[in-house]
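Visitor: My structure is below; once you've seen it, I'll send some questions.
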Amino acid sequence: IAECKSELEEKFKVPINDFCYPFGKFNDLLCKVTQDSGYYSATTMIRGRADPESNLFKLPRVPINHHTLPHLFLAKILSKYEDGK
């Protein structure tokens, strides 16, 4: 995880601050390794919206894809639509 961060920063000449767990697989040890590697946050495949109390290394996500219609996109990001999923 740390080597990946270093390689990407060197290749693209920008800071890499956020991580996404491959295939959404993570555990407490990986969260600690990610944090110790210098990332500010990490995203999981847990469905939902983050809030101020969310663990920055276990952030949920709102699924959006090419089939998501504009009205559903707005419902997902502006309402509690995803909170009960």
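Visitor: Wholly within the chain, which strands (runs of 3 or more DSSP E) include no fewer than the required count, namely at least 3 residues that are touching a Lys or Arg at 6+ places or on another chain (Cβ under 8 Å)?
Guide: In the chain, the matching strands (runs of 3 or more DSSP E) lie at 41-47.
Visitor: Name the residue that is surrounded by the fewest Cβ atoms within 10 Å (Cβ to Cβ), counting only residues in segment 10-38 that are at pLDDT 95 or above and at positive phi.
Guide: 13
Visitor: What pairs come up if the first residue lies in segment 23-47 and is more than 16 Å from residue 4 (Cα to Cα) and in contact (Cβ under 8 Å) with a residue 12 or more places away in the chain, the second is open to solvent by less than 100 Å² (accessible area, probe 1.4 Å) and in a helix (DSSP H, G or I), and their beta carbons are under 6 Å apart, counting only those six or more places apart or on different chains?
Guide: Listed pairs, sorted by first residue: 44/24; 45/24.
The values are calculated or read from the model by the stated rules, or taken from the named source; none is laboratory data. Note that the structure is predicted; figures quoted are calculated from it, not measured. Cβ coordinates were reconstructed from backbone atoms using ideal geometry, including for glycine residues, and neighbour counts include every protein chain displayed. Side chains are part of the model used for accessible areas, which takes the heavy atoms of the whole protein and leaves out ligands, DNA and RNA. Shrake-Rupley method; radii C 1.70, N 1.55, O 1.52, S 1.80 Å.
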